[in-house]
Amino acid sequence: MNKLPEAVTVKFTELFAVLNHATDDLKMAGAEACLIGDFSLVASINDSCRKMQTLEAEIKATLNHFAANYNAKPEGKSGFHKKDRYRTRKPGGRLRVTVAGKVIEEDTIAETFLKTLRIIGLERVAKLNKVVTSVPLIAKAPANGYQKQRRCNGWYVTTHVNKVSARTVLEEIGKELNMPVKIEFLER
């Protein structure tokens, strides 16, 4: 939480204090109900207490996710870009990827890239929140801009990649999902 502005951090600290006090009050009421033998009330209070604890855990998880992305690179500065500033516009060749014991080799780098993501699992990859050319790699809605996207199984997959960005993205995905990924480039 220390990465967020101080005012936000203070308010979240107050919220967690209030949630803890409310949970403690429920626990006390549950203990009193147990002493008088009203076990239906005890069950109801225990259920409320669990819901309160779940709410606190979900808020903390959301806060951690936001804090992790709050200080991320500004849009346009993140993603995968070719480092060679003297690049040419010749055809990029072909890509051969080996993942999960399968060899994937299509006519274009984009087709091989898409098929590899499908084999890994579009939903699993979407959870990683990868960005390519300032656009989500996989999203439920299409991106606005010139980036090439393909619709696949209800997802929009950004296929605006070259051999450098495709390699970088696939290697990072493999590393984060603990899947061995072997990538080879074949010249035409």
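Scanning region 111-133 for residues that are over 28 Å from residue 101 (Cβ atoms) and open to solvent by 40 Å² or more (accessible area, probe 1.4 Å) yields one hit, 131.
Only one entry in 13, 9, 54 is among the polar types (S, T, N, Q) and open to solvent by less than 40 Å² (accessible area, probe 1.4 Å), namely 9. For the condition in contact (Cβ under 8 Å) with a residue 40 or more places away in the chain and under 27 Å from residue 65 (Cα atoms), what is the one hit in 186, 122, 177? On inspection, the qualifying residue turns out to be 177.
Give the residue that is farthest from residue 163 (Cα to Cα), with candidates limited to residues of region 126-137 that are assigned to a loop (DSSP other than H, G, I, E, B) and under 13 Å from the mean Cα position of the chain (by Cα). Write out each step before concluding.
So in region 126-137, the residues assigned to a loop (DSSP other than H, G, I, E, B) come out as 127-130, 133-134, 137.
Now drop any that are not under 13 Å from the mean Cα position of the chain (by Cα), which leaves 127-130, 137.
Details: 127: 23, 128: 21, 129: 20, 130: 17, 137: 15 Å.
Per the criteria, the residue is 127.
In this structure, is residue 169 open to solvent by less than 70 Å² (accessible area, probe 1.4 Å), in a strand (DSSP E or B) and under 14 Å from residue 122 (Cα atoms)? It is false that residue 169 is open to solvent by less than 70 Å² (accessible area, probe 1.4 Å), in a strand (DSSP E or B) and under 14 Å from residue 122 (Cα atoms).
Suppose we keep only residues that are open to solvent by 70 Å² or more (accessible area, probe 1.4 Å) and in a helix (DSSP H, G or I) within region 173-188. Which one would you say is nearest to residue 139 (Cα to Cα)? Spell out the reasoning first.
Narrowing region 173-188 to residues open to solvent by 70 Å² or more (accessible area, probe 1.4 Å): 175-176, 178, 180, 182, 187-188.
Still in the list and also in a helix (DSSP H, G or I): 175-176.
Working: 175: 21, 176: 18 Å.
Among those that are open to solvent by 70 Å² or more (accessible area, probe 1.4 Å) and in a helix (DSSP H, G or I), it is 176.
Residues in region 86-125 that are in a helix (DSSP H, G or I) and modelled with pLDDT under 90: 109, 110.
Assess whether residue 164 counts as being surrounded by fewer than 18 Cβ atoms within 10 Å (Cβ to Cβ), touching a residue at least 12 places away in the same chain (Cβ under 8 Å) and β-branched (Val, Ile, Thr). Spell out how you get there, then give the answer.
Values: surrounded by fewer than 18 Cβ atoms within 10 Å (Cβ to Cβ): yes; touching a residue at least 12 places away in the same chain (Cβ under 8 Å): yes; β-branched (Val, Ile, Thr): yes.
Here the answer is yes, as residue 164 does meet what is asked.
Among the residues of region 138-188, the ones that are under 16 Å from the mean Cα position of the chain (by Cα) and of a type in the set (Gly, Ala, Ser) come to 3 in all. Scanning region 134-161 for residues that are farther than 14 Å from residue 110 by Cα and in contact (Cβ under 8 Å) with a residue 24 or more places away in the chain gives 134, 135, 153, 155.
The values are calculated or read from the model by the stated rules, or taken from the named source; none is laboratory data. On a predicted model such as this, the values are computed, not experimentally measured, just so you know. Here the Cβ is made from the backbone with ideal geometry for all residues, glycine too, and neighbour counts use every protein chain on show. To get the accessible areas, we keep the full protein, side chains included, count just its heavy atoms, and leave off ligands, DNA and RNA. Shrake-Rupley method; radii C 1.70, N 1.55, O 1.52, S 1.80 Å.
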